[in-house]
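Take a look at the structure below.
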Amino acid sequence: MTAKDEEEPRISSLPPAARLSSVAGHRMFRPSTWSSVTGGLASLDPACNWSTLVSGLVALNILLLGCAMVSASVFNMVSISSTHLQIYLIAIMILSSCWMLYYCVYTAHEHRAVLYKDGHAGPIWLRGGLILFGLCSMVMDFFKIAYYVGYLHCDSPVKIVFPVVQAVFIVVQSYFLWHHAKDCVQVQRNITRGGLMLTLSTNLMLWMTAVTEESLHQTVLPPSNGSRGSHNTAMRVGAMGDCECSHSACGIFEQASNYLYPFNIEYSLFASAMTYVMWKNVGRLADEHHHHRLRFHLRDVLLGPVSGLLVLVAGLVTFIMYKVDVQDKDPAKRELALRMHYIMNSVAYVLMSAATVAGWVLFGLDRRERVSGKNPTRSLDVGLLLGASMGQYAICYFTIVAVVATGVRSEVDGLNLASALLAVAQLCLQNGFIVEGLHRQPYGPTPAPSATNATAAAASEVYANVHAAARSHSDSELVESKPAPRTSAVSQTHHPPSHLCWKRRALKEVCAYLMLCNITLWIMPAFGARPQFENPHGHNFYQVYMWVAVVNIGLPFSIFYRMHSVAGLFEVYVIS
């Protein structure tokens, strides 16, 4: 029996709409390719692997060269200075901006360029956060411009050009991602993959540079070490030396821009994640009718937000008192600031762990099925969550080893050890909770489809897949066929009932509480709480440079983990 004979019974059993499209694409289609069609065009397009490899190599080379220049500008300001690094960043930002403009003006408007959109990619809250962080980053750039204007008479004009180009890059990229984050591009795939990887590596380089500068601003060791001033000066990026500012507001602009670094760092990470999803979606065939459109509601949710706000207020008060006392020259006040900080964090970890355990119990009582199938957005969310938590794990375990090896000699040491142990437990519980929540099917009324709806769903699914496969093999036959609709007739917007059941309400309470707690734990280190440097235990045990390396590498990932946890918990809240 031939392949054609085997396929005829399958075609005859399909609805009329699906039968027509199947017959049209039958001679280009074998049964073995059905699974590959639903997964994308990788197996149907041999050039896909080649373009993916080339675009990945582009990003790898940009990042490795950038890492070398960042390291050289930090530790060897004679041959390679921050000016050379900024020239490199300006070049890749201009190239990325030109490609994004080309995509918006030309590629996205080509015939049949974007027939499919990934409903999971670029949700409104993520794009809204991107715009918010982008606005704060632009304010930071304006402060930097005003700051470097005062040094224009004795410093390179590149210092002013860089924030100007960065502000333009943020505007272009924000527009690009707001309108095209969901695109599954089907034309100019090689150019699109290369451009997306160029943009991704540009964002990662800006993130790396901002993290380095922020770490150098915050790396101030205790005066007892004797190297507080020398260490901070030796590793400063772009130190002005004997150059004096020509106006009196330089100090104000510098301090203001330093406080906006966390927003610029988060903007680069948000943009990197969204760009990576777009890169994975190039050439992908997405069945959008499987996506549920969900809305954010605070209905019947009270205890979690109120409790989380109390923790947030307590954290802000503790952080302000910490920043005031830790800068005091009195050792007693510095020790009090550390004690207060460790107690606040320990209490937050205990309460968050208890809430997470309650969430696990609710998942055990839940009857929802797990999501089947692969999705680039979900895979990236889980990978970033687990990968970013490694920074917090590293700092905690280094702290535990140092305190246990030298012994608990004071109350501060005991609180430091307890805080590290509780942080490890909280990370393990929260990671599992978020990953499990992201892989649960959304709640919502899903009535059994009638025969008509089932026929329409089957027709839409087969028609979309067969049409896309036919298009990848023969463009000539597409002239007579209609493109697949972007939104299927069976897509539903799930409206929650007037009163949630107790399990859903309790799960939303847990997610809301954990979101606010993670925001609290993001604010404190992001805006300057560095107990690792104020407490001499770590750098006395590991020596200065090793401890500084551990903290300055692990802490940025820890800060990103807290913000990414907020994003993951928001997703779990919405689908609950």
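Take the residues of segment 514-534 that are among the aromatic types (F, W, Y) and part of a helix (DSSP H, G or I): which is surrounded by the fewest Cβ atoms within 10 Å (Cβ to Cβ)?
Ranking the qualifying residues of segment 514-534, first place goes to F533.
Each row is one residue, and each column tells you yes or no for (1) modelled with pLDDT of 90 or more; (2) farther than 30 Å from L438 by Cα; (3) open to solvent by 50 Å² or more (accessible area, probe 1.4 Å).
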{"residue": "D118", "(1), (2), (3)": "no, no, no"}
{"residue": "A121", "(1), (2), (3)": "no, no, no"}
{"residue": "W125", "(1), (2), (3)": "no, no, yes"}
{"residue": "I131", "(1), (2), (3)": "yes, no, yes"}
{"residue": "W178", "(1), (2), (3)": "yes, no, yes"}
{"residue": "N190", "(1), (2), (3)": "no, yes, yes"}
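The rows are residues; the columns are (1) touching a Phe, Trp or Tyr at 6+ places or on another chain (Cβ under 9 Å); (2) at pLDDT below 80; (3) assigned to a helix (DSSP H, G or I).
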position	(1), (2), (3)
W34	no, yes, yes
D45	no, yes, no
N49	no, yes, yes
L53	no, no, yes
L64	no, no, yes
C67	no, no, yes
S71	no, no, yes
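Testing S79 on (1) hydroxyl-bearing (S, T, Y); (2) farther than 26 Å from T377 by Cα; (3) part of a helix (DSSP H, G or I), one condition comes back false. Which one is that?
In the conditions (1) hydroxyl-bearing (S, T, Y); (2) farther than 26 Å from T377 by Cα; (3) part of a helix (DSSP H, G or I), S79 misses (3) alone.
When you look at I559, is it surrounded by 21 or more Cβ atoms within 10 Å (Cβ to Cβ) and part of a helix (DSSP H, G or I), yes or no?
Considered against the rule, which asks whether it is surrounded by 21 or more Cβ atoms within 10 Å (Cβ to Cβ) and part of a helix (DSSP H, G or I), I559 comes out as yes.
Take K117 and decide whether it is of a type in the set (K, R), within 14 Å of V185 (Cα to Cα) and touching a Ser or Thr at 6+ places or on another chain (Cβ under 9 Å).
yes
Do you know which of the residues in segment 398-436 that are of a type in the set (D, E, K, R) and farther than 30 Å from Y573 by Cβ is surrounded by the fewest Cβ atoms within 10 Å (Cβ to Cβ)?
Selected residue: R409.
Can you tell me how many residues in segment 170-189 are touching a helix residue (DSSP H, G or I) at 6+ places or on another chain (Cβ under 8 Å) and under 9 Å from V282 (Cα atoms)?
Going through segment 170-189 one residue at a time, the tally reaches 5.
Only one of (1) at pLDDT 90 or above; (2) buried (at least 24 other Cβ atoms within 10 Å of the Cβ) fails for D141. Which number is that?
With respect to (1) at pLDDT 90 or above; (2) buried (at least 24 other Cβ atoms within 10 Å of the Cβ), D141 is out only on (2).
Kindly list the number of the only condition in (1) in contact with a Leu (Cβ under 9 Å, 6 or more places away or on another chain); (2) assigned to a loop (DSSP other than H, G, I, E, B); (3) within 20 Å of M205 (Cα to Cα) that fails for L95.
Condition not satisfied by L95: (2).
What are the residues in segment 251-278 that are open to solvent by 20 Å² or more (accessible area, probe 1.4 Å) and either more than 30 Å from P376 (Cα to Cα) or among the polar types (S, T, N, Q) (or both), if any?
Matches in segment 251-278: G251, I252, F253, E254, Q255, A256, N258, Y259, L260.
Residues are listed down the side, and each one gets a yes or a no for (1) modelled with pLDDT under 85; (2) under 16 Å from S346 (Cα atoms):
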{"site": "M515", "(1), (2)": "no, no"}
{"site": "W522", "(1), (2)": "no, yes"}
{"site": "F527", "(1), (2)": "yes, no"}
{"site": "N535", "(1), (2)": "yes, no"}
{"site": "G538", "(1), (2)": "yes, no"}
{"site": "V548", "(1), (2)": "yes, no"}
{"site": "V572", "(1), (2)": "yes, no"}
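Is it true that some residue in segment 97-104 is at pLDDT below 85 and open to solvent by less than 20 Å² (accessible area, probe 1.4 Å)?
Within segment 97-104 (the criterion being at pLDDT below 85 and open to solvent by less than 20 Å² (accessible area, probe 1.4 Å)), the answer is no, since none of the residues qualifies.
With respect to the numbered conditions (1) open to solvent by less than 60 Å² (accessible area, probe 1.4 Å); (2) at pLDDT below 85; (3) touching a strand residue (DSSP E or B) at 6+ places or on another chain (Cβ under 7 Å), which one is the sole condition not fulfilled by L294?
Every listed condition holds for L294 apart from (3).
Checking the structure you have, find out if any residue of segment 367-383 is at pLDDT 80 or above, in a helix (DSSP H, G or I) and exposed (fewer than 14 other Cβ atoms within 10 Å of the Cβ).
Yes, some residue in segment 367-383 is at pLDDT 80 or above, in a helix (DSSP H, G or I) and exposed (fewer than 14 other Cβ atoms within 10 Å of the Cβ).
The values are calculated or read from the model by the stated rules, or taken from the named source; none is laboratory data. This one's a predicted model, so the numbers in the text were calculated from it and none came from an experiment. Every residue, glycine as well, gets a Cβ built from its backbone with ideal geometry; the counts of neighbours run over all protein chains shown. Protein only, heavy atoms only, side chains kept; ligands, DNA and RNA dropped before computing areas. Shrake-Rupley method; radii C 1.70, N 1.55, O 1.52, S 1.80 Å.
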